[in-house]
Amino acid sequence: MLVTTQVSEIVQAQKDFFATGKTKDIQFRKEQLEKLKTAVTDYQDQITEALFKDLGKPKFEAIVTEVAYVGEEINYFLKHLDKWTKNQPVKTPVNFFPAKSFIVPEPLGQVLIIGPWNYPFQLVIIPLLGAIAAGNCALLKPSEITPNTSKVLADLIANTFEPSYITVVEGDKEIAQELLKQKFDHIFYTGGSAVGRIVMKAAAEHLTPVTLELGGKSPCVVEPDIHIEHSAKRIIWGKFINAGQTCIAPDYLLVHRQIKEELIEAMKAVLREFYGENPAESSDYARIVSEKHFNRLSQFLDNGKIIVGGETDAKNRYIAPTLLDGVNWDDPVMEEEIFGPILPILEYDSLEDAIDQINSRPKPLALYLFSKNKTKQKQVLQETSAGGVTLNDTIVHIASTELPFGGVGESGMGAYHGKASFDTFTHYKSVTNRKFWLDVPLRYPPYADKFKFLKFLFK
Ligand code: NAD
């Protein structure tokens, strides 16, 4: 295990490299992004194999949800980097005439990125792209719960970058805590809120700013005025991709009583269509990451009434896609984020009632509303708060380079993806540049005769 002195040597080496100013060069940043893009393409098979070993992640899902977005995001950065890194001129108040003012985007320095296990590759690499684009050095700590992916990440990074620029430190929470003792210029953490609190406390010791990408129970509200087959498909896809181990998966359904039975029938048909009669035999359905999570999830199967699914196989950490009816807010399954393939279905009679249920709980990371009605869409957007929203689908708002992704309240703080990633790892330095050819004496003492000008200046 790495000891504190080794950790501080790695950290110091990166600080020294940052101090050379190399990472501030825009061409250097672009080259590093290009290098990473090539490396990810070269490593694609190793990445998908590791994800299969760790999570039974189907190759298609691995490519679409973990690998493809990397290239898309890099292309986006390469296209916009020149513009984003330019000094931005702004107006100067007339009292400082003659002067010019501008904003200088500068890198923060050295950043720490701590990743979770559910999308263990992309949730480390995507924040890294922002750190590179903004001109930082980075230390990455992938999740130990997905050791195969952690190893591939470590190899990929070691074969692509100098450790004094970017490096991976593998290990468990002890290693994470060693890292957290160090002073970084930013900590980007993705994971559960309990550890989020630990990270924020450790960061406070050094006054280090943090981005916390946390989770929570993301509701999915279904009104009667929907396209039933498309809604069923989009809900089932978003819930059961990666066997429900997705931070923005619909955690539970809030369904209008009028449409509930019809929606359940449609969802049952979709489950058969997606995963066959026995999802355990489907090559398109992932496994639970660990025995601990398998046991945690299995206990929820006693809650309410199973409409479909419920089968488990501890040896293979398999839990069938499961729909639960008759669940209420006092059941354990409704007390914490499920983070697995179990979908409780609650019903409501009026949209106001559904909104009240959402608002009486912590602000979720994502919120979904299925309704064609624009007034209802507006009402939900206005009367609820969530990290992000997709209307009439699930998950997809996360996949846009144009939309910042992050939580609010208990689901996190800060955001990334596209420009938001660049902003997260950038300090916008304000500069005023005065000229010497004029020096209005108004602000200098003695002040006695100058009060009459105050009224004019601060009207
Ligand atoms: P976790 O909090 O258990 O672990 C995340 C990271 O923290 C790991 O690298 C781990 O080694 C480290 N860690 C664990 N204990 C620690 C400690 N005591 N001190 C310091 N570091 C420690 O989270 P997880 O189980 O990997 O992820 C699940 C949670 O993450 C869910 O709540 C999910 O919603 C959330 N999540 C959020 C997003 C997002 O983008 N907002 C994405 C994925 C997952």
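The values are calculated or read from the model by the stated rules, or taken from the named source; none is laboratory data. Just so it is clear, the structure is predicted and the values come from calculations on it, not from any experiment. Note that we place each Cβ from the backbone using ideal geometry, even for glycine, and neighbour counts take in every protein chain shown.
What about Leu457, is it of a type in the set (A, V, I, L, M, F, W, C) and surrounded by 13 or more Cβ atoms within 10 Å (Cβ to Cβ)? Against the criterion (of a type in the set (A, V, I, L, M, F, W, C) and surrounded by 13 or more Cβ atoms within 10 Å (Cβ to Cβ)), Leu457 does not qualify. On inspection, Asp330 qualifies as farther than 29 Å from Glu273 by Cβ and either without any contact (Cβ under 8 Å) to a residue 12 or more places away in the chain or within 16 Å of the ligand (Cβ to nearest atom) (or both).
Pick from Lys35, Lys53, Lys91, Lys15: which is free of Cβ contacts under 8 Å to residues at least 40 places away in the same chain and of a type in the set (D, E, K, R)?
Numbers: Lys35 fails: free of Cβ contacts under 8 Å to residues at least 40 places away in the same chain; Lys53 fails: free of Cβ contacts under 8 Å to residues at least 40 places away in the same chain; Lys15 fails: free of Cβ contacts under 8 Å to residues at least 40 places away in the same chain.
Among Lys35, Lys53, Lys91, Lys15, only Lys91 is free of Cβ contacts under 8 Å to residues at least 40 places away in the same chain and of a type in the set (D, E, K, R).
Need at least 2 residues that are under 25 Å from Asn242 (Cβ atoms) and not β-branched (Val, Ile, Thr) per element, so show me which strands (runs of 3 or more DSSP E) inside the stretch 109-204 make the cut, counting only ones lying wholly within it.
Values: elements: 110-114, 137-141, 166-168, 186-190.
Output list reads 137-141, 186-190.
Scanning the stretch 394-419 for residues being more than 12 Å from the ligand (Cβ to nearest atom), under 20 Å from Asp251 (Cβ atoms) and in contact with a helix residue (DSSP H, G or I) (Cβ under 6 Å, 6 or more places away or on another chain) gives a total of 1.
Taking the stretch 74-106 as the range and being polar (S, T, N, Q) and in a helix (DSSP H, G or I) as the test, the residues that pass are Asn75, Thr85, Asn95.
Annotation for the stretch 270-292: at least one member residue is assigned to a helix (DSSP H, G or I), within 16 Å of the ligand (Cβ to nearest atom) and out of contact with any Asp or Glu (no Cβ under 6 Å at 6 or more places or on another chain).
Which of the residues spanning the stretch 145-170 are within 16 Å of the ligand (Cβ to nearest atom) and within 16 Å of Leu112 (Cα to Cα)?
Filtering the stretch 145-170 for residues within 16 Å of the ligand (Cβ to nearest atom) gives 145-154, 157, 167-170.
If the condition is that a residue be within 16 Å of the ligand (Cβ to nearest atom) and within 16 Å of Leu112 (Cα to Cα), then Ser150, Leu153, Ala154, Ile157, Thr167, Val168, Val169, Glu170 are the ones that fit.
A quick yes/no check of all residues on (1) within 15 Å of the ligand (Cβ to nearest atom); (2) outside the structural domain of Ile345 (by TED's automatic domain parsing); (3) closer than 22 Å to Ile355 by Cβ; (4) at pLDDT 95 or above:
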{"position": "Tyr189", "(1), (2), (3), (4)": "yes, yes, no, yes"}
{"position": "Val199", "(1), (2), (3), (4)": "yes, yes, no, yes"}
{"position": "Val210", "(1), (2), (3), (4)": "yes, yes, no, yes"}
{"position": "His230", "(1), (2), (3), (4)": "no, no, no, yes"}
{"position": "Ile248", "(1), (2), (3), (4)": "yes, no, yes, yes"}
{"position": "Leu254", "(1), (2), (3), (4)": "no, no, yes, yes"}
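The listed residues are Leu139, Leu179, and the only one of them that is near the ligand (Cβ under 10 Å from one of its atoms) and crowded, with 20+ Cβ neighbours inside 10 Å turns out to be Leu179. Only a single criterion out of (1) without any contact (Cβ under 8 Å) to a residue 12 or more places away in the chain; (2) small (Gly, Ala, Ser); (3) more than 9 Å from the ligand (Cβ to nearest atom) is not satisfied by Ala194, namely (3). The condition of being without any contact (Cβ under 8 Å) to a residue 60 or more places away in the chain, closer than 18 Å to Leu33 by Cβ and hydroxyl-bearing (Ser, Thr, Tyr) holds for Thr85. Among the residues of the stretch 333-380, the one identified as away from the ligand (no atom under 16 Å from the Cβ), among the acidic types (Asp, Glu) and surrounded by 15 or more Cβ atoms within 10 Å (Cβ to Cβ) is Glu347.
Do you know which residues across the stretch 257-282 are of a type in the set (A, V, I, L, M) and either under 12 Å from Pro321 (Cα atoms) or surrounded by 15 or more Cβ atoms within 10 Å (Cβ to Cβ) (or both)?
Going residue by residue through the stretch 257-282, those that are of a type in the set (A, V, I, L, M) are 259, 263-264, 266-267, 269-271, 280.
Answer for the stretch 257-282, where residues must be of a type in the set (A, V, I, L, M) and either under 12 Å from Pro321 (Cα atoms) or surrounded by 15 or more Cβ atoms within 10 Å (Cβ to Cβ) (or both): Ile259, Leu263, Ile264, Ala266, Met267, Val270, Leu271, Ala280.
Being in contact with a Lys or Arg (Cβ under 7 Å, 6 or more places away or on another chain), acidic (Asp, Glu) and farther than 22 Å from Ala243 by Cα holds for only one residue in Asp353, Asp349, Asp439, and it is Asp349.
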